[in-house]
Amino acid sequence: MKFICLTLLIINGITDSISEQYKVVGPADPVFAVAGEDVILPCSIKPNISVVDMRVEWFRSDLKDSQLVHLYEDHEDRNIEQIQSYRGRTKLNHPELQRGDASLKLSSVRVSDEGLYKCFIQSKSRSDDATVNVSVEVVGRPPVITVDGFDHSGGLHLQCESEGWNPEPDLEWLDSEGVSLSSETTEMHRNTEGFSVKHTITLHHSDDKIHCRVKLRHHMLEALIISNMFHSWRTSVIVISVFVVLSVIAGILIAVFAHKNRGKILVFLFYIFYVNKTV
């Protein structure tokens, strides 16, 4: 009888030991989230055994003192010590805990949520964790194209600027055929609202359409300008300017001529007036 009981205890111990052998698994690549939207931070254990009776803790490993993001313990969420900025924005899918899935849902993502997260799972005799790298994307404002005049050779200066992106976006100029154009100067700044980017280009040829495109992964915003209208405008301005200059010169010459021949002009006008009156 004692032998049977001992055997059962050994078998039960071996079974418990096997069930305790698990590994916490997270995503191999960074998790990309869009500001204002919800995101799932993947975390599970292999093999897929239940974690209902275990401790599941999510915390920020890149912050001082590894601050708490979400805690599940003794079959309930315990978020008394949770970081204030995460209050009401974190949630575990409790039914999925039965399948070993401890993924965390983070609602209304903010730029400040970007960083490294630890998914820590602890049983009675074992613990393991996985790291989740979260990158927050912010789609900035549509690009704005401004005309900055012409250079001495007739080239048209164009400037394109867009603000409020995260992380740093890519900006490119495209002609009407979709061919990328090389920009001359590039400026990149970062402030509390994110990254701002500014590119300048000079066109020495007339093209129907010039595009300024800002891209961030699968997000894209674009602005369009009809460049040849500015070349036509420049030509009109030159023609008008030449006409004005010639008119001014003609006016000056007439004034000088009139001043030098004032007597003759008066006699001539008097003669015309007298003859017409006589007739």
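Derivation of every value follows stated rules applied to the coordinates shown; laboratory data play no part. Since we're looking at a predicted model, the values are computed, not measured. So basically every Cβ, Gly included, is an ideal-geometry build from the backbone, and we count neighbours across all protein chains shown.
If you take every DSSP beta bridge whose two residues both sit in segment 2-137, what share of them, in percent to the nearest 5, is antiparallel?
Working: 30 of 34 bridges.
In segment 2-137, approximately 90 percent of DSSP beta bridges are antiparallel ones.
By the scheme Lys and Arg +1, Asp and Glu -1, what is the net charge of all other residues having a beta-carbon under 12 Å from that of Ser44?
Summing Lys/Arg as +1 and Asp/Glu as -1 gives 0.
Mind scanning Lys64/Lys105; Lys46/Lys118; Lys23/Lys91; Lys46/Lys124; Lys64/Lys124; Lys46/Lys105 and naming the pairs with a C-alpha gap bigger than 25 Å?
In this structure, Lys64/Lys124 lie more than 25 Å apart at Cα.
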